[in-house]
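Report on the structure given below.
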Amino acid sequence: FFQAEDGIRDYKVTGVQTCALPILIEKNKAILLNKQDKIKLNSGDPKTLFDFCVDTIEMFPAEKYILDLSNHGSGSIDRKATRLANATDLFYLNPSNMMLELDRKIEYLEYLQQNETKAIHKGICFDETFRSYLTNKQLQEVLAGVSEQALSGEKISMVWMDACLMAGLEVAALLKDCCKFLIASQEVELGPGWRYDRVLKPFCQNQILNEVEFAGHIVKAYEETYANITNEYTLSAIRLDKVGEIEKNVDIVGGLLETCLERQQSNNVKKTIKKCKNRITFEEPSYIDLATFYKRI
């Protein structure tokens, strides 16, 4: 969480790590909170996230809050699994240009370790100790509860997802009523994730940024981190108050395509749709770029 005091000149960050204790980050300090509490925390338990948010808001009152979820993400895919491998393993060094590139022969979700007794229903914050995770629906319910109970109905300023595949329309739609901005990647992220020294640099330089400016800065910092080593990077700052318009449009287009499929001859519509989806996928091939798909249709 981010706390603003006197503009944004001072900042405090608290964090929960898997099977660790809450840590308060101040300038040149990392302060362990609740040292006496030896209970291991389960990042895949909705109560862990809810309690963390509520306690942080109570201890560090502020005008605006940012929640950062730094962990594996499975976006909007349903698969059976409880663990994700390091996404960096999907990249290889191209000797012709000395850039890191995604190995398109390997699907990202093939790195899910299979467990036939437990199914993933699209989520984030995988806890390998407790073999758990937060589903997208659980995340939405937690953040809606935080907005209502701890922020008196105000929205969380930003939700950052330092994780793979979380910038889909489905995720944005779930969070639109309780958050203002979603910062996330459509594509697989390199293992190191975000450079937080660059992300938080404006605070160290006493810059005054509004939400839109800061959201743009985060995306720019990500570009500066990876542009020189790979072309396989994506990050978006999404205004969630605009997502409802996209949802309605997708419903209309989807309905039209369903009608066309019902009336097609010789599978011509199905073939056209398949052709329009070709080569606009991400590392997970069931994800496509919506704008490009629309243009082709």
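Computed from the coordinates by the stated procedures, all read-outs in this text should not be read as laboratory data. Owing to the predicted nature of the structure, the values given are computational and were not obtained by experimental measurement. Please note: Cβ atoms are built from the backbone with ideal geometry, for glycine as well, and neighbour counts cover all protein chains shown.
Brief remarks follow.
- Geometric descriptor of segment 113-229, per residue, is 147 Å³ (volume of the convex hull of the Cα atoms).
- Other residues with beta-carbon under 11 Å from the beta-carbon of residue 179 carry, at +1 per Lys or Arg and -1 per Asp or Glu, a net charge of +1.
- From the largest down, segment 162-214 spans 36, 30, 13 angstrom on the principal axes of its Cα atoms.
- Segment residue 231-residue 293, extension gain: residue separation times 0.36 nm, minus the distance between their alpha carbons: 20.2 nm
- Counting Lys and Arg as +1 and Asp and Glu as -1 over every other residue whose Cβ lies under 11 Å from the Cβ of residue 137, the net charge comes to -1.
- Rounded to two decimals, the Cα radius of gyration of segment 154-287 over 2.2 N^0.38 Å is 1.30.
- Viscosity 0.692 mPa s, temperature 37 °C, Stokes-Einstein D of segment 192-267 from Kirkwood C-alpha radius, µm²/s: 205 µm²/s
- Per-pair calculated FRET efficiency, R0 = 22 Å: residue 170 and residue 276 via Cβ, rounded to 0.05: 0.65
- Normalising the average separation of contacting C-alpha pairs (under 8 angstrom, six or more residues apart) by the number of residues puts the relative contact order of segment 194-240 at 40 percent.
- Of 29/176; 220/295; 35/180; 122/295; 47/201; 27/220, those spanning more than 29 Å from alpha-carbon to alpha-carbon: 29/176; 35/180; 47/201
- Projecting the Cα positions of 160, 259, 182 onto the charge dipole of segment 156-297 (unit charges on Cβ atoms of Lys, Arg, Asp and Glu, taken about the Cα centre) puts 259 furthest along the positive direction.
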